[in-house]
Amino acid sequence: MWGLKAVATSLLVCSVLGARNFPPDFKFGSASSAYQVEGAWNYGDKTPSIWDVFIKKYPNVIIDNSNADIACNSFHDWERDVKMARELGLDYYRFSISWPRILPTGKQDRISEYGKKYYNDLINALLENGIKPVVTMYHWDLPQALQDWGGWLNPLITDWFENYARVLYSLFGDRVKTWLTLNEPLIFCELSFNTGKHPPGLLSAGQGNYVCNKNAMLAHAKAWRVYDKEFREKQRGKVSLANQYIWLEPHTDSEIDVEATKIARQLMIGMYTHPIFSKDGGWPPVIERIVAEKSKKEGRFLSRLPGFTQEEIEVIKGTYDFLGINYYTARTVNKVEDGVEVGEWPLLGSSDLDIQLTTNDKWNMTDASWLFEHPVGFRRLLNWLKNEYGDIDILITENGYATNKTIIDDQARVKYMEKHLEQVLLTINEDKIKVIGYTAWSMMDNFEWCDGYSLRFGLYEVDFKDPKLKHKPRASAHYYTNVIKHRSLDFDDKISNIITGEL
Ligand code: GBH
């Protein structure tokens with residue numbers, strides 16, 4: 001009798017609060033990447049990545065002149081990382097594998113015992129603690145040995161990557177069931193070749209980025225196909241990629257801006273999605289046409305955007321088991337005259353479209369110059385993707401907030417997470433889109449690329465001045481722990497304001 005009453009009461013509570021509950025099978029995780037946390041840059045037989053070489057050659061490109069030689073020392077202190085993941089109550093931990101740590105020559109001649117041991121230890125410890133590993137194969141730290149052979153501009157990289165993927169499946173695929181081939185090809189292709197801010201810093205705007213784009217799509221596809229042919233039956237995992245999507249909205253209501261925005265989405269989102277996820281495959285036709293026309297006008301015989309052969313289109317099309325999405329921010333689009341300078345990052349080939357990317361005054365600025373908050377854009381993006389490519393399982397592989405201070409009571413990050421998670425819930429409940437999980441970037445402060453240690457994304461603060469790298473959970477860590485525990489955004493949140501230093 002009493003039992004029934006208790007059930008009835010909790011059902012009532014659930015239905016009142018139900019709107020902000022996550023589906024029971026929804027998964028929560030947090031993420032990092034090898035170069036940003038591991039350190040041990042030359043330990044054992046590890047060879048330098050392009051980031052090691054780039055920073056040593058041009059230390060000034062990093063705002064605080066720092067480097068990632070030690071970073072969070074995760075290579076030596078993976079036990080601390082597992083402990084954090086456990087304290088947070090994560091369902092999974094997303095980390096990446098350093099290509100030059102596993103394959104020092106970048107090719108298959110030699111598999112590093114040190115590399116193998118490190119990732120085995122980490123994977124096993126996570127699983128022992130009930131945390132699933134979600135593994136990124138490539139989070140920007142290309143072996144310099146392959147850069148010397150042309151890196152992402154050499155079409156052979158698609159084979160090198162396929163072989164690397166095969167090595168990873170055979171070493172770890174018995175335990176790793178969710179793989180992400182590439183992290184944000186949009187960002188590494190654009191920043192390496194269009195703005196030159198990331199290694200190899202080869203400024204070749206409107207050319208290198210497109211070649212990289214094509215090779216990245218093929219590399220991903222070949223890695224997926226190897227899994228499909230050689231491993232899927234036995235290992236039964238899932239493979240996709242993690243795309244960075246910057247949501248775009250027209251700057252004004254004018255038809256010109258509205259039209260320009262539609263095309264810009266095909267550039268910013270479509271170029272890294274259409275070849276894999278659309279029914280027809282290949283480049284978004286509108287972009288292919290525009291770049292071809294521009295190239296012709298410039299007196300070129302060939303388009304700066306390399307085409308796909310029909311065979312390549314078929315190889316790439318359909319190579320996904322879900323879609324990984326990194327969402328942080330949005331931009332507005334307005335049309336400019338042909339040839340007008342289009343300004344800072346994200347440039348992203350916008351000179352080919354004669355558009356300018358700016359922001360909306362209503363979007364909160366954060367301490368990161370590029371990160372403007374637009375949570376509703378998250379939901380709109382997910383709906384746009386569904387309209388373009390149909391029903392696909394979506395895994396949010398990154399979402400996070402930056403401060404430039406080492407602040408423990410990070411209520412702004414808590415708000416950012418809540419607002420974005422709320423949009424995820426609306427997308428699931430109202431729009432019936434299958435979002436299967438959410439990953440907070442990042443579990444702890446780490447090396448934020450050109451921003452060094454000056455920008456903090458961590459749920460845990462790390463004291464980089466302390467040789468022991470003392471770490472402490474922020475308010476956001478407490479908040480996230482509660483979200484995970486309750487599988488809901490509605491809980492007595494007083495607890496997330498208690499800063500104890502221990503979870
Ligand atoms: C993601 O990139 C990455 O996957 C992750 O590694 C990173 O730590 C995280 O987000 C937070 O940034 O002013 O030209 O140097 C998101 C894309 C790439 C946006 C680097 C900011 C700096 C541009 N970020 N970019 S620039």
- Message: Please give the charge dipole size of the chain, origin at the Cα centre, charges +1 on K and R Cβ atoms and -1 on D and E Cβ atoms. Round to the nearest 20 debye.
- Response: 1040 debye
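About its Cα centre, what dipole magnitude does the range 353-503 give when the only charges are +1 on Lys and Arg Cβ and -1 on Asp and Glu Cβ, stated in debye to the nearest 20? Intermediate results must be reported in sequence, preceding the final value.
Values: 19 positive and 24 negative charges, 59 e Å.
Here the size comes out at about 280 debye.
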- Sticking with the crude label model, points 7 Å out along Cα→Cβ, report the distance from K83 to K107 in nm, one decimal please. 4.3 nm
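Could you tally the net charge around Q266, taking each other residue with its Cβ under 11 Å from the Cβ of Q266, Lys/Arg +1 and Asp/Glu -1?
On the way: positive: K262, R265, R289; negative: E288, E388.
Net charge in that neighbourhood comes out at +1.
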- In what order, largest first, do E418, E128 sit by accessible area if the probe radius is 1.4 Å? E128, E418
- If amide H atoms are built 1.01 Å from N in the plane of the peptide, which residues on other chains or at least 5 residues away come under 5 Å of the amide H of K132? Y92, Y93
- Message: Among Y438, F188, W449, whose Cα projects farthest towards the positive end of the dipole of the range 4-500, with charges put on the beta-carbon of Lys, Arg (+1) and Asp, Glu (-1)?
- Response: Y438
- Have a look at F491, Y328, Y227 and report the one farthest towards the positive end of the charge dipole of the chain, computed about the Cα centre with Cβ charges (Lys/Arg +1, Asp/Glu -1). Y227
- Restricted to the chain, the DSSP antiparallel beta bridge percent, nearest 5, is 25 percent
- Task: Quick one: which residues, 5 or more positions from N73 or on another chain, have an amide H under 5 Å from its amide H? H modelled 1.01 Å from N in the peptide plane, none for Pro or chain starts.
- Result: G39
- Over the Cα atoms of the chain the radius of gyration and the largest Cα-Cα distance (Dmax), both in Å, equal 22.3, 84
- Query: Residue-wise, which Karplus ³J(HN,Hα) couplings in Hz belong to the range 389-403, taking 6.51 cos²θ - 1.76 cosθ + 1.60, θ = phi - 60°, and x for glycine or proline?
  - Reply: 10, x, 6, 9, 5, 10, 10, 6, 8, 7, 6, x, 9, 10, 10
- Task: Enumerate the amide H contacts of N243 below 5 Å, restricted to partners 5 or more residues apart or on another chain; note that Pro and chain-start residues carry no placed amide H.
- Result: E184, G324, I325, N326
- Note on the structure: Length gained, K262-N163, 0.36 nm per residue minus C-alpha separation, equals 31.9 nm
- Query: Relative contact order, percent, of the range 378-437 when contacts are C-alpha pairs under 8 Å separated by at least 6 residues?
  - Reply: 56 percent
- Distance-filtered residues of the range 58-77 - backbone nitrogen under 14 Å, label point 7 angstrom along K117 Cα→Cβ: 75-77
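Counting only helical runs of four or more DSSP H residues, what would the 222 nm mean residue ellipticity of the chain come to if each run contributes -39,500 (n - 2.57) and the total is spread over all its residues? Provide the component values of the computation, followed by the final result.
On the way: 19 runs with 199 residues, N = 503.
Helix-only estimate at 222 nm: -12000 deg cm²/dmol.
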- Message: Could you give each residue of the range 95-101 its phi-based ³J(HN,Hα) in whole Hz, using Karplus coefficients 6.51, -1.76, 1.60 with θ = phi - 60°, and x for Gly or Pro?
- Response: 9, 10, 9, 7, 4, x, 7
- Quick one: what are the phi-derived ³J(HN,Hα) couplings along the range 185-199, Karplus 6.51/-1.76/1.60 with θ = phi - 60°, whole Hz, x for glycine and proline? x, 3, 6, 6, 6, 5, 6, 6, 10, 9, 10, x, 7, 10, x
- Item | Partners for K415 among lysines (Cα-Cα distance below 22 Å; same-chain residues under 8 apart left out) | K27, K362, K405, K472, K485, K494
- Message: Multiplying the sequence separation of I436 and E233 by 0.36 nm and subtracting their Cα-Cα distance, what value in nm do you get?
- Response: 70.8 nm
- Message: Suppose a student asked you for the relative contact order of the chain, using Cα pairs under 8 Å spaced at least 6 residues apart; what percent would you report?
- Response: 16 percent
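The values are calculated or read from the model by the stated rules, or taken from the named source; none is laboratory data. Predicted model only: the values in this text are computed from it and were never measured. All Cβ positions, even for glycine, are placed from backbone atoms using ideal geometry, and neighbour counts span all protein chains on display. When the accessible area is computed, the model is the full protein with side chains, heavy atoms only, and any ligands, DNA or RNA have been set aside. Shrake-Rupley method; radii C 1.70, N 1.55, O 1.52, S 1.80 Å.
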